[in-house]
Every structure is written in C-alpha cells, then in structure tokens.
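Quick note: the coordinates plus some simple rules give every number you see, no bench work behind them. Since this is a predicted model, take the numbers as computed values, not measurements. Cβ sites come from the backbone with ideal geometry, for glycine too, and all protein chains shown count toward neighbours.
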Amino acid sequence: MYAVEGYKLAFGVNGALVHLSDTNGKVWVDESHPFGAYETFGTEDYVRYFRTYMQILGFTHGLMQTLTSLVLSSFDHSL
C-alpha cells in the first residue's frame, strides 16, 4: 500500500489499481472493483483478432489503395 498526499493506493500483479481511498476514508477502488490493468498479447491473439475483424480484406485493401491514389493524384506536385 502506498500513501500519496492523503490518498492510499495499491496495485495488483497485473498492474491494475486495486485500492484507492481518500483522506475521508471513502474507498473509490477495491479488489472487487479494480481500475485498469496491464495486459500483453501474443501471436495467437493477433491471429484471432485478424480473423475476426479483418473481413473482405481484398476488397478493403484494394479500396484503400484506390482512394490513396486518387487523393495523391489530386495534389499539385509543382509547388
């Protein structure tokens, strides 16, 4: 437990704030209601995310290339 300017706070093993109380004794955060956390992701997580959210990739990737080309071609490159 740490004390900072009258506040008491503690962190869990995952980096979450697991205790926060003020000078009046009001508990704002406890272990049943943690705040924030540190989480790491591996290759498996990336693959799952990619398969879940990257739908019709050929279309969207091709569309983005086309839009980028149109935008870049509209600039006056003589400046």
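Cβ-Cβ contacts under 7 Å between residues 6 or more apart (or on different chains), taken from a first residue in the stretch 19-33 that is within 15 Å of VAL4 (Cα to Cα) to a second residue that is in a loop (DSSP other than H, G, I, E, B) and among the hydrophobic types (A, V, I, L, M, F, W, C), are listed as HIS19/MET1.
What about TYR49, is it more than 17 Å from LYS8 (Cα to Cα), touching a residue at least 12 places away in the same chain (Cβ under 8 Å), out of contact with any His (no Cβ under 9 Å at 6 or more places or on another chain) and surrounded by fewer than 12 Cβ atoms within 10 Å (Cβ to Cβ)? Before the answer, list the steps.
Details: more than 17 Å from LYS8 (Cα to Cα): yes; touching a residue at least 12 places away in the same chain (Cβ under 8 Å): no; out of contact with any His (no Cβ under 9 Å at 6 or more places or on another chain): yes; surrounded by fewer than 12 Cβ atoms within 10 Å (Cβ to Cβ): yes.
Answer is no for this residue.
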